[in-house]
Amino acid sequence: MRNLKANTSRHIIICVILFLILLIFLIFFTLFSTKTPISQNTENQIVNNELELNNQNTLENDTEAITNSTDYPHGEILTTSDGEEYSIIANLNIPSLGIDYPILSNYSDSLLKIGLTKYWGSNPNQVGNLVILGHNYKSTKFFSKLPNIKIGDIVQLTDLYNKTLNYSVYATDIVSPDDNSCTSQKTNGNIDLTLITCYYDNANSKATRRFVVKARALN
């Protein structure tokens, strides 16, 4: 009888231990199964959020306000397949590279897939620093050929007043994604243009840095 009670107690203890192990396993399984791998869209959103934060830091550190004219004309309101609204604010042409695209009014992951976008800064051809983003697809599309630009090359920007200004490239740089100094609006009254795209160290690498072009309107 005593042995029967001992065996029963032992079985109960084993069952409790097995139940606790199963419970712990189910908890960990639930936690990890709800975590999905970060998709490309999520990575892009993280980058966009980082850019938004960097923009705010730049604005707070700048002593010169962005001098956007309130009467700058608005182009036709267009809509992406995702329902995002945008308009065309200017046209960018780099004759030496064969780059010729309209500039979209704002930036997002979906808009970057269809064209060049305004990221930050002044209105086209106005005092300040207009910052334009474009993807590098390692082809001939958008800003893919931008890393081939040379100092002294001409960039033409035509605004919605149909006024075209010639900008001369005076600097290029390769920077880390968190270096936002090129977006500063401290231009000392000049009309500046900054072009940014992804930079690949070689054909097989991932784009971990950014290629930056600085240009200034000619008098």
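Read-outs throughout are calculated quantities, based only on the coordinates presented, and are distinct from any laboratory measurement. This one's a predicted model, so the numbers in the text were calculated from it and none came from an experiment. Virtual Cβ from ideal backbone geometry, glycine too; neighbours counted across all protein chains shown.
Bridgeable lysines around Lys163 (alpha carbons under 24 Å apart, same-chain partners fewer than 8 residues away excluded): Lys118, Lys186, Lys214.
With the alpha-carbon atoms of the range 105-219 aligned to their principal axes, the span from lowest to highest coordinate is 41, 27, 25 Å, starting with the largest. Rounded to the nearest 20 debye, the dipole size of the range 124-196 about its Cα centre is 260 debye, using +1 on the Cβ of Lys and Arg and -1 on the Cβ of Asp and Glu.
Residues Cys15, Cys182 in ascending order of nearby Cβ atoms (within 10 Å, fewest first): Cys15, Cys182. Between the range 110-161 and the range 76-98, the alpha-carbon centres lie 10 Å apart.
Per-residue Cβ neighbour counts within 10 Å put Tyr86, Tyr161 in the sequence Tyr161, Tyr86, beginning with the fewest.
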